[in-house]
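Okay, structure first, notes after.
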Amino acid sequence: MAAAGVCSFCAARRMGRCGGIMCWKRGSALRFLVPSGPPTGVKRLLSTDELIPRICIVGSGPAGFYTAQHLLKHHRLAQVDIYEKLPVPFGLVRFGVAPDHPEVKNVINTFTQTARSDRCSYYGNVTVGKDITVKELQKAYHAVILSYGAEDNRTLGIPGEDLAGVYTARAFVGWYNGLPENRDKTDITEDSLGILAHSKVKRVCLVGRRGPLQVAFTIKELREIINLPSARPFLDPADFKGLGDAAKDVPRPRRRLTELMAKTALEEPGEEVAGHWASASREWSLKFLRSPLEVLPATDGKRARGIRMAVTRLKGSGETAKAVPTGEVEDLLCGLILSSIGYRSLSIDPAVPFDCKQGIIPNNLGRVLGAPGLYCSGWVKRGPVGVILTTMNDSFDTAQSVLEDLRSGTLDVPKAKEGSELVRSILRSRGIHPVSFSDWEKIDAAEVARGKLAGKPREKIVDPREMLELIGC
């Protein structure tokens, strides 16, 4: 009989009914040691062998953590390991949310609780498809879930797109959010804050190929830009005349958004707002029904000096309306061009089915087609659309598919899997040193301490080598 101790796995112990009974893992089996007589007032637990599903998640952004959360909540024995190519977790919550929206990042607190679970482990600094293959992960786990998001950009596919002064919105966001791959441009980092504070940009024009009823931003985002200090909006009244009847048939959020744009374009502002706009040193505008044709080069042929656009008209109506060229063109002179046409997922391993045209892994409710035991969630599953709430629901759906396959016996759980023990052995043989969640917490503490000195919530470390040196890797 083993000595009494604290059980990390027994659900009964967490309910206060374990009575100090010790259990241990052997392979993928969870065994309970039961004394010959139960403690006073405690019913005797039945001796049993229950098999632990070993599940691997690739990617530690919202999709990965929400998938893990659902699995841990709805399966009392599942062991979940999360692998991430960066040393630090949380994906776009850390690197994609605007610094002036800290409330959105509060979801990190929930993800941290998940990562600290006795049945969840985090392994950063591991690039799946390079440091270890998906097939090797499948040998180690009963189920592998790909949740690595969309790390590439969609391109405009027009002449001059590679000129200096042309960037993607993703690269720009990564720069001010301290994404390591964008750190040389780089909670906003001090470097980017200093550069933006001395910016000479006076005019920003947001261009869309369709009309006001098809814009993708939210009313909250519109309000924020309207209320920017020292910035005046310019909206063409002609774009909004006659939209009243069409706007009546759209969903309420879309209608309210259209009404706010129309009000800004057509109505005289109040005295306070008018005074604010009159003294504004910067301006922004919305330009509809324009589609990019070509980036115009400067005289040196190396930098952008403007963009040539096709004037379009709408064919159809509502969300399904298509922009078609009218034959007219228009040039817009500008020194900086940011393409904001979306992210794109990539294939990380030739063994995984991938639809290059759509940029997703072909799947049915998260089950990868033609690949038993392989799943996907998040943007790599459905494409780079939606907000964190959308990703949460999508991830719960994939986790539910895994749980259903566990219950039905589709996943071969009775066959023991070594999980992270096998993976770590493979990584050690290749000189790869994973970063644990406690290692991340050391990085987190260092960032918070640096931020305190600068009067900020945190100052991000943007060099992965510095992160690894900090934790002694």
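Taken together, the values in this text are just the output of simple stated rules run on the coordinates, not laboratory data. Small disclaimer: the values here were computed from a predicted structure and weren't measured. All Cβ positions, even for glycine, are placed from backbone atoms using ideal geometry, and neighbour counts span all protein chains on display.
So for Tyr343, Tyr141, Tyr148, fewest C-beta neighbours within 10 Å to most, what's the order? Write out the running numbers ahead of the final one.
Numbers: Tyr343 20, Tyr141 26, Tyr148 29.
Ascending number of Cβ neighbours within 10 Å: Tyr343, Tyr141, Tyr148.
Each residue of region 324-336 was assigned a 3J(HN,Hα) from its phi angle through the Karplus curve 6.51 cos²θ - 1.76 cosθ + 1.60 (θ = phi - 60°); the sequence is 10, x, 9, x, 7, 10, 8, 9, 10, 7, 6, x, 9 Hz, with glycine and proline shown as x. Annotation: peptides 225-235, 459-469, ranked by per-residue average of other Cβ atoms within 10 Å with the highest first, follow the order 459-469, 225-235. Dipole size of the chain about its Cα centre, with +1 on Lys/Arg Cβ and -1 on Asp/Glu Cβ: approximately 1120 debye, rounded to the nearest 20. Placing one equal scatterer on every Cα of region 154-342 and applying the Debye formula, the log10 ratio I(q)/I(0) at q = 0.17 Å⁻¹ is -1.34.
Compare the peptides 430-437, 320-327 by average per-residue count of other Cβ atoms within 10 angstrom and give them in order, highest first.
Going by the mean number of other Cβ atoms within 10 Å, highest first, we get 430-437, 320-327.
So if I place +1 on the C-beta of Lys and Arg and -1 on the C-beta of Asp and Glu, and nothing else carries charge, what would the dipole magnitude of region 154-342 be about its Cα centre? I want it in debye, nearest 20. Working shown, then result.
Numbers: 29 positive and 25 negative charges, 93 e Å.
In debye, rounded to 20, region 154-342 gives about 440.
Ranking Gly335, Val423, Ala321 by how far each Cα lies toward the positive end of the dipole of region 316-472 (charges on Cβ) leaves Val423 at the top.
A helix-only calculation puts the chain at -9000 deg cm²/dmol for mean residue ellipticity at 222 nm, using -39500 (n - 2.57) for each DSSP H run of at least four residues, averaged over all residues. Just the number: Rg to Rh for the chain, Cα atoms, Kirkwood Rh, two decimals. Over the Cα atoms of the chain, Rg/Rh equals 1.04.
Enumerate by residue number the GluC sites (Glu not before Pro) in region 235-285 meeting two conditions: DSSP loop (anything except H, G, I, E, B), and at most 12 other Cβ atoms within 10 Å of the site's Cβ.
Numbers: sites: Glu259, Glu267, Glu271, Glu272, Glu283; in loops: Glu267.
For GluC sites (Glu not before Pro) across region 235-285 that sit outside H, G, I, E and B with at most 12 neighbouring Cβ atoms in 10 Å, the list reads Glu267.
Around the amide H of Ile341, modelled in the peptide plane, lie the amide H atoms of Ala169, all under 5 Å away and 5 or more residues distant in sequence or on another chain. Checking the cross-link pairs Lys220/Lys322; Lys185/Lys357; Lys105/Lys460; Lys130/Lys417; Lys315/Lys381 against a 19 Å limit on the alpha carbon distance flags Lys220/Lys322; Lys185/Lys357; Lys130/Lys417; Lys315/Lys381 as lying beyond it.
With the simple spin-label model, which puts each label point 7 Å out from Cα in the Cβ direction, the Glu404 to Thr320 separation comes to 2.8 nm. Between Ala298, Ser117, Phe354, the Cα set farthest toward the positive side of the dipole of the chain (charges on each charged residue's Cβ, about the Cα centre) is that of Ser117.
Using the Cα centre of region 310-412 as the reference point, and only Cβ charges (+1 on K/R, -1 on D/E), how large is the resulting charge dipole? Debye, rounded to the nearest 20. Could you put the intermediate results ahead of the total?
Numbers: 9 positive and 11 negative charges, 36 e Å.
Here region 310-412 has a charge dipole of around 180 debye.
Among 170-178, 334-342, the peptide with the highest mean count of other Cβ atoms within 10 Å heads the list, and the full ranking is 170-178, 334-342. Residues in region 353-359 carry Karplus couplings, in order, of x, 8, 9, 5, 5, 8, x Hz; the curve used is 6.51 cos²θ - 1.76 cosθ + 1.60 with θ = phi - 60°, and Gly or Pro positions show x. For Gly378, nonlocal amide neighbours, meaning residues 5 or more places apart or on other chains whose placed amide H falls under 5 Å from its own, are Ser395.
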